[in-house]
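A short worksheet on the structure shown next.
The values are calculated or read from the model by the stated rules, or taken from the named source; none is laboratory data. What you see is a predicted model; the values in this text were computed from it and never measured. Please note: Cβ atoms are built from the backbone with ideal geometry, for glycine as well, and neighbour counts cover all protein chains shown. Surface areas here come from the heavy atoms of the whole protein model, side chains and all, with no ligands, DNA or RNA. Shrake-Rupley method; radii C 1.70, N 1.55, O 1.52, S 1.80 Å.
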Amino acid sequence: MKKLNIVLLAFLFVLGSLLTSTGSVEANSELDNVKDKLSDLEEEQGNVNEKQGNISEKANETKEKIEENEEEQAETESQMASLDQELTDIQEQLRTKEKEIKENEEAIKKNEAEIKKLEEEIKVLKKRIEKREQLLTKRLRAMQQSGGDVKYLEVLMGAQNFGDLIDRASAVTTIMDQDKDILDKHMADKKLLEEKKIEVEERKKELEQQKQKLEEQKQELEAIKADLDAKLAEKKELMEELEIQNEQLHKHKMELEEEQAILSNQEATIQQAIQNAKENRAQIKAEIERQKELERQRQAAAEEAESESDSSGSTSASASVSSSSAPAPVSIPSASGKFIRPASGSVTSEFGARWGGSHPGIDIGGNGRPVVAAASGTVLRSYYSSSYGNVVFLTHYINGQVYTTVYAHMQNRNVSTGQSVSQGTTLGLMGSTGNSTGPHLHFEIHEGPWNASKSNAVNPRNHVNF
């Protein structure tokens, strides 16, 4: 606008000069030219204003697109969180169903073993009944041939005296009781045989029902797996969409609120980890002293017993005292600062540069496997992150050094913020929540407190044998 005013003044100056020097005719002609130039300048200024307006409009459009993209990204991340929860629920259903199938298979094996055992018992019973029937048949034939009860009477009537009569009567009673006992056992075995046959039939029916249920459970398992595959495919599409929206997908970028929450918790958990470590050391020292005292007592008792043994010529007392004085084995808390493997499986991605950025940890492939604390410590934070998924941060204080470990993309979380955990405690199960294209554990070790720039992150291989 300033430039245009200067040009107008210049033209007016020229116009004045022309009017003075050449007269009114020429002045009028030049005036028309000036008017034309002014019109051109005004049109040019309009074009400039229009271009500035277009640029401003495009800037607003760009801003709107950025805001729209951020809204789409937030919506996608919200869908991702919801989908991760569905995946967690489905995987829990999968584990439950697999457990049910395993229990049913064990019940089937047990039932089959019981049926086999019953069938063997039935075979034994049948043989026993068959032999007894042969014995009873022979006895009945003998009784029939000898006249049955008449012969028993002849035995009694042939007694020489009263004592002989009593003896003969006792013998006859014994024989008759034995026959009755054999017959009772025979009837009991036949009854038991029928009961076992009925039990076998019932168990076979139960077995068929168990097998049918097993088939149904396997079909349900396949349906759950198909649902899981469908959800994983859906997540893959969301991941691709999110990757387009956010180029920093694989950099584990975190929201400011997440960073602030972790940093605000960190000092408290460091102090708690230090306190726990001191208490652990105190327990270890106390236990060592206790065992030393027990050893001193044992040695003193052994020496006293040996002295008594020398004076009495017996060594039994020494052995007895020595045996009774020996301290029982006890468990001493581990003071080792060594980190253990957080999960089984092969390493699928190393620490360092990746996809044009930095990968601050190691990835271990696998799904549904337990994820454990690499060392004893305090839960700095346990939560769901849009980038890390289900994640647990642990603070450790080992040999005067603060460490932080991170366990990301888990199916679930078994620990809560502020909780103290021992080395090997299960934190959750390996999964694929958050910014993850496949089931794995993302594991980080920081030598010192955690920070947003991850400047303390080191290669986990420096501390863990993978």
| said: Students often check this: by mean Cβ neighbours within 10 Å, which of 84-94, 454-464 ranks highest, and how do the rest follow? | reply: 84-94, 454-464
| task | Count the net charge of all other residues whose Cβ sits under 11 Å from the Cβ of residue 90, scoring Lys and Arg as +1 and Asp and Glu as -1. | result | -2
| How high is the FRET efficiency between residue 299 and residue 267 when r is their beta carbon distance and R₀ equals 56 Å, given to the nearest 0.05? | 0.70
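When Lys and Arg each count +1 and Asp and Glu each count -1, what net charge do the other residues less than 15 Å away from residue 460, Cβ to Cβ, add up to? Before the final figure, lay out the partial values.
Working: positive: 338, 341, 354, 454, 461; negative: 350, 363, 444, 447.
That sum, taken over residues with Cβ under 15 Å, equals +1.
What FRET efficiency do you get for residue 401 and residue 188 if R0 is 60 Å and r is their Cβ-Cβ distance, rounded to the nearest 0.05?
Details: r = 78 Å, r/R0 = 1.29.
So, using R0 = 60 Å, E works out to roughly 0.20.
What's the local net charge at residue 362, with K and R +1, D and E -1, over the other residues with C-beta under 12 Å away?
On the way: positive: 341, 354, 461; negative: 350, 363, 444.
With Lys, Arg at +1 and Asp, Glu at -1, the neighbours total 0.
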| message | Starting from the 7 Å offset along Cα-to-Cβ, what nm value, one decimal, do you get for the label separation of residue 219 and residue 199? | response | 3.4
| remark: The extension gain from residue 451 to residue 181, computed as 0.36 nm times the residue separation minus the Cα-Cα distance, is 88.3 nm
| query | What figure in square angstrom, to the nearest 10, would you give for the accessible area of residue 403 with a 1.4 Å probe? | reply | 30
| task | Heavy atoms only, probe 1.4 Å: what % of the accessible area of region 373-466 goes to carbon and sulfur, would you let me know? | result | 38
